[in-house]
Amino acid sequence: MSDYGFFLSFNNQEEVFRFPVNPERIDVKDSGEGKSYTVAGLGEVNAILYPKLTEISFESFFPGRMYPFVHLGSDQVPKLPIDYVNTIKGWMESRRPVRFVMTGLVPDPLSGTDGKNVVRAMKSFGINMAASIESFNWNTMSGSPEDIEFSITLKRYVFYGARKVVPVKDKKAAAVKKKDRPDDRKKPTSYTVAKGDSLWSIAQKLLGSGSRHADIQKLNGIKDHEVRKLAVGRVLKIP
């Protein structure tokens, strides 16, 4: 007996849903990127390179009515099949990564005994990864037109960006700091001025550097005499 669930979320879990019907199987594809070369005197050799990004694919369906095996989300409110479809399509159109989570409990094969009976302990397992939605195909079922069948393929997403190169002066400076989990939230495109705000503090908070206050000033057409006293409640566009 096992219990597991599949979840898909977007924008640091601001939007999340659980797949209502667990798939019968999932396919996980991990492969290498090796290349072969012919070397004089040695013959063919194989160069092992970085592995390719993990791909996960599975098939299931979105139910149009409550079957005994349907899993509801945390709000315990059933959704229409087309709502799931539109949500996934919207996430794909955003060109932002999603987060795929598979989690559950299964019997531990190393369970012991209490002297008389077998103790069936449970162990947890799971997958938690940022991913891009590579493909999403769906169709209505002929026998149950209210249900929607689908297949989906996800590929592991690696966050990347330009990094500033710092000259190494000693071994301590060369130590690599532990990375925080990448922030996959969308950046705000507007901001409402609150009491005590300044363009510098807004730029520092939203753009990571107060020196970018001039970008906000220019984008919003703020005159120099307005900079010192921003109107509370004013909505600013953020570059």
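Every number in this text was worked out from the coordinates using simple rules, so none of it is lab data. Worth saying up front: this structure is predicted, and the values here are computed from it rather than measured. Cβ atoms come from the backbone with ideal geometry, glycine included; neighbour counts cover every protein chain shown.
For a modelled paramagnetic label at Gln204, 7 Å from Cα along Cα-to-Cβ, the residues of the range 210-239 in reach, with backbone nitrogen under 17 Å, are 210-217, 228-230.
Taking amide H atoms as placed 1.01 Å from N in the peptide plane, the amide H of Phe19 lies under 5 Å from those of Phe6, Phe7, Leu8, each 5 or more residues away in sequence or on another chain. Distance between the pseudo-spin-label points of Tyr4 and Ser190 (7 Å out from Cα toward the beta carbon): 4.4 nm.
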